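Here is the structure we will look at, set down as structure tokens.
The values are calculated or read from the model by the stated rules, or taken from the named source; none is laboratory data. The shown structure was predicted, so the numbers you read here are calculated from the model rather than taken from an experiment. Please note: Cβ atoms are built from the backbone with ideal geometry, for glycine as well, and neighbour counts cover all protein chains shown.
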Amino acid sequence: MTAAIPTPALQEELATVEPATITGRTRKRLTSRWASLFALVIAVLWTIPTFGLLLTSLRPEMDIRTSGWWTWFSDPQLTLANYDEVLYGGTSLSTYFVNSIVITIPSVVIPVSIACLASYAFAWMKFPMRDTLFVAVFALQIVPLQVALIPLLRLFVDADLNGTFWPLWISHTIFALPLAIFLLHNFFREVPGELMEAARVDGAGHVTIFLRIMLPLVTPAIAAFAIFQFLWVWNDLLVAITMATGAQEIQPLTARLAELSGSRGSTWHLLSAGAFVSIVVPVIVFVFLQRYFVRGLLAGSVKG
Amino acid sequence: MDNFEKFGQMALAVVLFVGVMGAILLLVGRARRRVDIWQSLAFVLPALLLLGVGLIYPAIRTMYQSLFDRTTDEFLGLDNFTEIFTNSDMLIVLRNTAIWVIVTPIVATFIGLVYAVLVDRSRVEAFAKAVIFLPMAISLVGASIIWRYVYEYRPDQQNIDQVGLLNQLLVWVGLEPRHFLVDSPWNTLFLIVVMIWVQAGFAMTVLSAAIKAIPSDITEAAQLDGLTGVRMFRYITVPSIRPALIVVLTTISIGTLKVFDIVRTMTGGQFDTSVVANEFYTQGFQLGDTGLASALAVLLFILVIPIVAYNVRQLRKADLR
């Protein structure tokens, strides 16, 4: 372990390094060999399982049946045949991929818009019982989905919506609202009140203020929440298999994969490729929108 | 339904919705007199209606159904709850849930914290963090499939090679391969590994932000006093980020309490691995016992409330935003 006392050598080193932040943080090596080793072990443990399955998905079916992915290095053969089969063969995952997209997009657009309106009202409009209602909406966050699922499904069956995408869209919208309203309200609230007053003096109504002033200012927050909601819906299994029970036509990727994992538990050439078909979208989102993504995930971590 | 038709339906839904929202805004915007109450109603009513019909009513209905039999015909009082706490299968479900909720938050938070400290301000920090965080992006179904392959078991015979990494490691060190997902009670721990694998990234990210927020004069003063390494971690880092630690622990607990996807995908709740959230699905949607399923959902609700209440209070204190 290096001593923390600023020896001349260290000071010289510090002088050559540009401070990364105002507090003068410097990039340094990990504190000791053991610490580096421990971090490395964790990093490897966190990567190997995914890497193993990824490599498996690219191996020929016969190889997958007879040997583990680590034998690939002595006999490297790659193929996209598994992806071809899982997407367009008997499992036809391409259909479910489309379903996932069709389910996810309205399930993001609708709750985000409704929540924007509601949270603007809770932040800047005056009406009776406003604060009570807001606390009630906030408190609804703690209701686990399970508590609502059975009667909600009953409602959809009674309304004869079963077997269409509507139960999925509406359920995801409802389950997103408490968190969305709470988060967006906080951001709307942060907009300086003088801005509102100035607009009002100029004769702008609530609609104008909402569309022209507020929405552009809270766009980053909306984006963060939208990304969180997108991934939540894309990755969801519970709502999918309850609201689309028995309706193969409208099930998303996750539902189909979970089913494959149960019924064809050892067809690894299909399962491995299938898993990566479903993983690729979130990973792309992660890579390109990492900042929003982390913010959204952290903000929404209580949801469920 | 072909793909074209599906996208058509999607477009229709979005257009319909945008149309309704546009109409609301237009009507409110054209209102001559600024009667605030009507404008406010137009803004909040869609959300309140949806929440009332889709969340509050169903929740009350579930509580009501939990007092009835499987078809909601006969009033049973608290019999469903009695069954949850006496039936031997249900007791295993409760035991498993308890193990999940105790083990996952502690281990995930510990790994996340240690990793955050170790990579803090190192040269490869951004990359090292991305590696641990990535599992958060993957669906729990995907994560379960990834790990099921690690646990994959092949019978121990001469001409059969193991394809699961863990069993191959056992074979390499001269042990017999095992049915990791079948042998109870250890199989629950192997399922928990998946949740830890996912949640450590969350813990690491929040705690890393908290560590960076520790005022540098505190750490510098401690360094001048000769505090380094483990003692620095123990006496400066951990106490400084205590509120964030509690938030992380409780948040992971809540997520773990409701864990469903992992059990469903990996074992389907067989081999004594079921948990409350999975049993809810099995009873309610596969065995058609609405009463018992509702009771399980209510139990889940009751278990979540104290943790959330505590979490919210801590969140206020920690002021992570």
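Give the number of residues within segment A:143-159 that are without any contact (Cβ under 8 Å) to a residue 40 or more places away in the chain and closer than 18 Å to B:Val312 by Cβ. Counting residues in segment A:143-159 that are without any contact (Cβ under 8 Å) to a residue 40 or more places away in the chain and closer than 18 Å to B:Val312 by Cβ gives 1. Counting the residues of segment A:98-133 that are at pLDDT below 90 and more than 9 Å from chain B (Cβ to nearest Cβ) gives 5. Within segment B:96-109, being of a type outside the set (S, T, N, Q) and touching a residue at least 24 places away in the same chain (Cβ under 8 Å) holds for B:Ile99, B:Trp100, B:Val101, B:Val103, B:Pro105, B:Ile106, B:Val107, B:Ala108.
Cβ-Cβ distances below 9 Å connect the following pairs, each with a first residue in segment B:1-17 that is closer than 10 Å to A:Pro106 by Cβ, a second residue that is of a type in the set (Gly, Ala, Ser) and part of a helix (DSSP H, G or I), and a separation of six or more residues or different chains: B:Phe17/A:Ser113. Could you check, for segment B:225-240, whether at least one of its residues is more than 28 Å from A:Trp69 (Cβ to Cβ), touching a helix residue (DSSP H, G or I) at 6+ places or on another chain (Cβ under 8 Å), within 10 Å of another protein chain (Cβ to nearest Cβ) and surrounded by 18 or more Cβ atoms within 10 Å (Cβ to Cβ)? Yes: segment B:225-240 contains one or more residues that are more than 28 Å from A:Trp69 (Cβ to Cβ), touching a helix residue (DSSP H, G or I) at 6+ places or on another chain (Cβ under 8 Å), within 10 Å of another protein chain (Cβ to nearest Cβ) and surrounded by 18 or more Cβ atoms within 10 Å (Cβ to Cβ).
Suppose the filter is part of a helix (DSSP H, G or I), more than 8 Å from every other protein chain (Cβ to nearest Cβ), more than 24 Å from B:Ser144 (Cβ to Cβ) and out of contact with any Ser or Thr (no Cβ under 7 Å at 6 or more places or on another chain); does B:Val247 pass it? It would help to see each step written out before you state the result.
Working: part of a helix (DSSP H, G or I): yes; more than 8 Å from every other protein chain (Cβ to nearest Cβ): yes; more than 24 Å from B:Ser144 (Cβ to Cβ): yes; out of contact with any Ser or Thr (no Cβ under 7 Å at 6 or more places or on another chain): yes.
Taking the combined requirement at face value, the residue satisfies it.
Just name the residue that is nearest to A:Thr47 (Cα to Cα) out of those in segment B:134-170 that are surrounded by fewer than 20 Cβ atoms within 10 Å (Cβ to Cβ), at pLDDT below 85 and not acidic (Asp, Glu). Within segment B:134-170, the match that is nearest to A:Thr47 (Cα to Cα) is B:Arg154. Out of curiosity, is A:Ala115 under 23 Å from B:Gly19 (Cα atoms) and either basic (Lys, Arg) or part of a helix (DSSP H, G or I) (or both)? Considered against the rule, which asks whether it is under 23 Å from B:Gly19 (Cα atoms) and either basic (Lys, Arg) or part of a helix (DSSP H, G or I) (or both), A:Ala115 comes out as yes. Does segment A:238-251 hold any residues that are facing chain B (nearest Cβ under 10 Å) and at pLDDT 80 or above, and which are they? Selection gives A:Leu238, A:Ala240, A:Ile241, A:Thr242, A:Glu249, A:Ile250.
Are any of the residues in segment A:21-34 modelled with pLDDT of 85 or more and among the basic types (Lys, Arg)? Spell out the reasoning first.
Step one: list which residues in segment A:21-34 are modelled with pLDDT of 85 or more, which gives none.
No: segment A:21-34 contains no residue that is modelled with pLDDT of 85 or more and among the basic types (Lys, Arg).
Only one of the numbered conditions (1) part of a helix (DSSP H, G or I); (2) touching a helix residue (DSSP H, G or I) at 6+ places or on another chain (Cβ under 9 Å); (3) surrounded by fewer than 17 Cβ atoms within 10 Å (Cβ to Cβ) is violated by A:Ala148, and that is (3).
The residues on offer are B:Ile192, B:Ile218, B:Ile138, and the sole one that is aliphatic (A, V, I, L, M), assigned by TED's automatic domain parsing to the domain that holds B:Asp272 and without any contact (Cβ under 8 Å) to a residue 60 or more places away in the chain is B:Ile218.
Surrounded by fewer than 21 Cβ atoms within 10 Å (Cβ to Cβ), closer than 20 Å to A:Leu179 by Cβ and in the same structural domain as B:Ile92 (by TED's automatic domain parsing): is that true of B:Ala309 in this structure? Full working, then the answer.
On the way: surrounded by fewer than 21 Cβ atoms within 10 Å (Cβ to Cβ): yes; closer than 20 Å to A:Leu179 by Cβ: yes; in the same structural domain as B:Ile92 (by TED's automatic domain parsing): yes.
Answer is yes for this residue.
Only one of the listed residues (B:Leu51, B:Leu91, B:Leu41, B:Leu45) is surrounded by fewer than 18 Cβ atoms within 10 Å (Cβ to Cβ), within 9 Å of chain A (Cβ to nearest Cβ) and within 30 Å of B:Val304 (Cα to Cα). That residue is B:Leu45.
Applying the criterion of at least 1 residues that are farther than 21 Å from B:Thr251 by Cβ, facing chain A (nearest Cβ under 7 Å) and over 26 Å from the mean Cα position of the chain (by Cα) to the helices (runs of 4 or more DSSP H) found wholly in segment B:116-205 leaves B:165-172.
What tally of residues in segment B:152-197 results from selecting those that are of a type in the set (Lys, Arg) and closer than 18 Å to B:Thr273 by Cβ? Show your work before the answer.
Keep residues of segment B:152-197 that are of a type in the set (Lys, Arg), which gives B:154, B:178.
Restricting the remaining residues to those that are closer than 18 Å to B:Thr273 by Cβ gives B:178.
Residues in segment B:152-197 being of a type in the set (Lys, Arg) and closer than 18 Å to B:Thr273 by Cβ: 1 in total.
In segment A:234-252, is there at least one residue being more than 16 Å from the chain's Cα centre (by Cα) and farther than 30 Å from B:Phe4 by Cα? No, every residue in segment A:234-252 fails to be more than 16 Å from the chain's Cα centre (by Cα) and farther than 30 Å from B:Phe4 by Cα.
One residue alone among A:Phe225, A:Phe165 is surrounded by 23 or more Cβ atoms within 10 Å (Cβ to Cβ) and more than 8 Å from every other protein chain (Cβ to nearest Cβ), and that residue is A:Phe225.
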